[in-house]
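*Asks:* Once you've had a glance at the structure underneath, I'll fire off some questions.
The values are calculated or read from the model by the stated rules, or taken from the named source; none is laboratory data. Only a predicted model underlies this, so the values are computations on that prediction, with no experimental measurement involved. Counting neighbours? That spans all protein chains shown, and the Cβs are built from the backbone with ideal geometry, glycine included. To get the accessible areas, we keep the full protein, side chains included, count just its heavy atoms, and leave off ligands, DNA and RNA. Shrake-Rupley method; radii C 1.70, N 1.55, O 1.52, S 1.80 Å.
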Amino acid sequence: MPLTESHLANWRQLVGAANVLTAKEDLIPYSMDGTASLQQMPGCVVLATSTQQVSAILKQANETGVPVVTRGSGTGLSGGSVPVPGCVVLCLVKMDKILELDQENLTILVEAGVTTLQVADAAAAVGLLYPPDPGSMKISTIGGNVAENSGGLRGLKYGVTRNYVMGLEIVLPNGEIMFTGNKCVKDVAGFSLKDLFVGSEGTLGVITKVLLRLIPKPAARKTLIATYDDMSKAAQTVSDIIAAKIIPCTLEFLDRTTIGCVEDFAKVGLPLDCEALLLMESDGHPAAVADEAKKMEEVAKANGALAVRVAKDEAEGVRLATARRSAFSALARVAPTTILEDATVPRSELAKMIRFVENVAKKYRLRIGTFGHMGDGNLHPTFLTDERNHEEMHRVEQAFAEIFEEAVRLGGTITGEHGIGIAKKSFLPKFAGEAQMRVMRELRRVLDPASILNPGKMF
Ligand SMILES: Cc1cc2nc3c(=O)[nH]c(=O)nc-3n(C[C@H](O)[C@H](O)[C@H](O)COP(=O)(O)OP(=O)(O)OC[C@H]3O[C@@H](n4cnc5c(N)ncnc54)[C@H](O)[C@@H]3O)c2cc1C
């Protein structure tokens with residue numbers, strides 16, 4: 001059944017008229033997310049402020065067959081929160097309360113619309129750390145982070161969002177409210193259902209509250225940058241650092257194109273006379289940090305680094321890491337359309353994958369900037385293109401297909417952190433295989449028999 005006046009009247013009564021958007025100019029910002037070239041107008045947008053409201057909206061949508069696209073801040077990079085025709089976009093940014101910070105159990109309970117930065121700041125204020133730090137953390141929501149299982153610059157040492165989720169309040173498509181997980185470090189009672197919802201991309205339920213694990217803030221941190229005349233030397237440095245049994249919190253790289261764009265954007269004094277830049281960060285006990293930083297400097301020099309610079313204090317370290325976080329925004333300024341991917345390979349295959357991406361860019365005559373989480377094998381080849389140029393867009397699509405195939409051939413994956421959404425839907429069956437696809441479809445059918453949640457996404 002399509003969205004009707006009666007739905008809108010009910011929802012206006014439920015959440016207040018100001019929180020139900022129907023005017024074209026109000027809907028346009030919700031017709032896209034951070035993914036290039038994807039746009040669809042929704043039927044309406046509802047800004048919920050409580051779990052009970054989410055439950056009532058889902059119940060009516062489910063009974064009447066209206067599609068629901070859950071949305072946080074819309075920064076997703078695979079089209080996950082792009083509307084489907086005639087849907088209600090259920091936006092959770094107004095569910096933005098930090099409900100409890102428990103310093104005895106080292107947990108924080110927040111509503112799904114709280115931003116990642118708000119969580120990080122609340123933890124830091126009491127000497128704790130929330131490690132996942134996606135580049136979008138100033139605006140991305142915790143609900144979106146959980147739904148995408150987002151990673152960040154500290155993933156190498158601290159893992160990704162999943163490693164910090166202890167509990168979730170979820171509203172199922174029929175409106176039922178369930179809490180899965182708790183503050184216990186150990187809990188093996190039944191299936192680990194919360195893990196099913198991490199990375200489910202808004203297809204299985206709506207996450208309304210998140211219980212997160214925090215850790216003590218490391219006492220010291222040191223940041224270094226090393227520059228190279230050849231990307232493969234940077235890749236070898238990463239391999240040698242890990243082989244030396246050092247797990248720094250951050251090992252990020254930028255190629256020449258990206259370094260130029262970032263410096264132009266962030267003006268932090270990055271060296272421009274190099275082909276590759278490695279950002280390395282160690283944190284922990286001051287003595288261990290000093291030792292790790294020294295060893296990383298030695299490994300970088302042994303691999304032919306042109307220069308190694310140690311940040312003079314924490315403030316400079318933060319500036320350098322922030323500059324790296326701005327890489328996507330910096331690249332986005334130089335071309336009308338920026339398409340960023342996140343093919344991921346085992347660390348040992350990184351140098352091969354980087355060379356492959358460079359050759360593909362040459363083969364298809366495309367402009368590309370590559371940066372990413374080198375320590376995780378997670379690359380972000382970013383095509384600088386123009387969606388109005390159909391012939392070039394065709395070459396971009398061919399290039400991406402080859403990159404994904406190569407990543408899988410090398411034992412990697414088609415997405416390390418951005419999810420499947422619409423953008424990579426066609427690649428999933430080949431990657432996952434028949435049995436996994438069938439299990440995923442069956443799980444989805446059991447939880448959402450009327451197919452109202454994010455229909456057409458993922459598979
Ligand atoms: C500049 C930039 C840098 C980025 N850097 C990183 C990075 O370093 N690492 C990384 O992993 N990602 C990164 N991203 C991608 C993106 O920010 C993350 O995927 C983020 O977690 C999305 O959060 P959001 O609140 O914007 O969610 P949205 O984009 O609104 O939604 C994303 C998906 O989650 C679903 N969803 C959202 N909220 C809920 C909920 N409460 N319940 C159920 N489903 C929900 C949506 O339906 C959709 O499928 C970056 C994006 C940008 C634009």
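*Asks:* May I ask you to say which residue of Gly34, Gly43 is open to solvent by 20 Å² or more (accessible area, probe 1.4 Å) and within 13 Å of the ligand (Cβ to nearest atom)?
*Replies:* Criteria check complete, one pass: Gly34.
*Asks:* What's the total number of residues in the range 56-103 that are touching a His at 6+ places or on another chain (Cβ under 8 Å), more than 16 Å from Pro455 (Cα to Cα) and within 13 Å of the ligand (Cβ to nearest atom)?
*Replies:* Here the count works out to 2.
*Asks:* Taking the range 55-72, which residues are of a type in the set (A, V, I, L, M) and within 24 Å of the chain's Cα centre (by Cα)?
*Replies:* Once the filter is applied, which keeps residues that are of a type in the set (A, V, I, L, M) and within 24 Å of the chain's Cα centre (by Cα), the range 55-72 yields Val68, Val69.
*Asks:* Considering the range 419-459 alone, what residues qualify as being aliphatic (A, V, I, L, M), part of a loop (DSSP other than H, G, I, E, B) and closer than 27 Å to His380 by Cα?
*Replies:* Ile420, Ile422, Ala423, Met458
*Asks:* What tally of residues in the range 77-102 results from selecting those that are free of Cβ contacts under 8 Å to residues at least 12 places away in the same chain and under 22 Å from Lys24 (Cβ atoms)?
*Replies:* Here the count works out to 0.
*Asks:* Keeping to the range 297-316, report how many residues are more than 25 Å from Tyr130 (Cα to Cα) and either free of Cβ contacts under 8 Å to residues at least 40 places away in the same chain or part of a helix (DSSP H, G or I) (or both).
*Replies:* 6
*Asks:* If you don't mind, another one. Looking at Asp264, Asp240, Asp195 in this structure, which one is acidic (Asp, Glu), out of contact with any Ser or Thr (no Cβ under 8 Å at 6 or more places or on another chain), within 19 Å of Ala293 (Cβ to Cβ) and assigned to a helix (DSSP H, G or I)?
*Replies:* Asp240
*Asks:* Please find, within the range 214-225, the residue that is farthest from the chain's Cα centre (by Cα) out of those that are open to solvent by 10 Å² or more (accessible area, probe 1.4 Å) and more than 30 Å from Gly269 (Cβ to Cβ).
*Replies:* Pro216
*Asks:* For the range 165-213, which positions are buried (at least 16 other Cβ atoms within 10 Å of the Cβ) and acidic (Asp, Glu)?
*Replies:* Selection gives Glu169, Glu201.
*Asks:* What are the residues in the range 414-429 that are farther than 17 Å from Val84 by Cα and among the hydrophobic types (A, V, I, L, M, F, W, C), if any?
*Replies:* Ile414, Phe427, Leu428
*Asks:* For the range 143-164, name all the residues that are of a type in the set (Ser, Thr, Tyr) and more than 7 Å from the ligand (Cβ to nearest atom).
*Replies:* Tyr158, Thr161, Tyr164 - these are the residues of the range 143-164 that are of a type in the set (Ser, Thr, Tyr) and more than 7 Å from the ligand (Cβ to nearest atom).
*Asks:* Checking Gly375 against (1) in a helix (DSSP H, G or I); (2) within 16 Å of the ligand (Cβ to nearest atom); (3) farther than 24 Å from Ser329 by Cα, only one condition comes out false. Which one?
*Replies:* Of everything listed in (1) in a helix (DSSP H, G or I); (2) within 16 Å of the ligand (Cβ to nearest atom); (3) farther than 24 Å from Ser329 by Cα, Gly375 misses just condition (3).
*Asks:* When you look at Thr115, is it within 12 Å of the ligand (Cβ to nearest atom) and either without any contact (Cβ under 8 Å) to a residue 24 or more places away in the chain or under 25 Å from Lys186 (Cβ atoms) (or both), yes or no?
*Replies:* When the stated conditions are applied, Thr115 does not pass them.
*Asks:* Separate question: Suppose the filter is open to solvent by 70 Å² or more (accessible area, probe 1.4 Å) and over 19 Å from Thr203 (Cα atoms); does Glu434 pass it?
*Replies:* The answer is yes for Glu434.
To keep it simple, each residue is scored yes or no on (1) of a type outside the set (Val, Ile, Thr); (2) closer than 28 Å to Thr322 by Cβ.
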residue: Phe191; (1), (2): yes, no
residue: Val198; (1), (2): no, yes
residue: Lys222; (1), (2): yes, yes
residue: Cys249; (1), (2): yes, yes
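*Asks:* Determine if the range 258-271 includes at least one residue that is more than 21 Å from Ile368 (Cα to Cα), of a type in the set (S, T, N, Q) and open to solvent by less than 40 Å² (accessible area, probe 1.4 Å).
*Replies:* No, that holds for no residue.
*Asks:* Same structure, new question: Going through the range 224-262 one residue at a time, which ones are of a type outside the set (Lys, Arg) and without any contact (Cβ under 8 Å) to a residue 24 or more places away in the chain?
*Replies:* Selection gives Ala243, Ile259, Gly260.
*Asks:* Residues to consider are Gly190, Gly159; find the one that is touching a residue at least 12 places away in the same chain (Cβ under 8 Å) and not hydrophobic (A, V, I, L, M, F, W, C).
*Replies:* The match here is Gly159.
One line per residue, one yes/no per condition, for (1) modelled with pLDDT of 95 or more; (2) within 28 Å of the chain's Cα centre (by Cα):
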position: Asp264; (1), (2): no, yes
position: Glu275; (1), (2): no, yes
position: Met280; (1), (2): yes, yes
position: Glu297; (1), (2): yes, no
position: Lys301; (1), (2): yes, no
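*Asks:* Okay, next question. Can we say Glu341 is farther than 25 Å from Glu263 by Cα, open to solvent by 10 Å² or more (accessible area, probe 1.4 Å) and within 23 Å of the chain's Cα centre (by Cα)?
*Replies:* When the stated conditions are applied, Glu341 does not pass them.
*Asks:* Hey, could you check the range 392-427 for residues that are more than 14 Å from the ligand (Cβ to nearest atom) and under 20 Å from Thr203 (Cβ atoms) and say which is most open to solvent (accessible area, probe 1.4 Å)?
*Replies:* This residue is Ser426.
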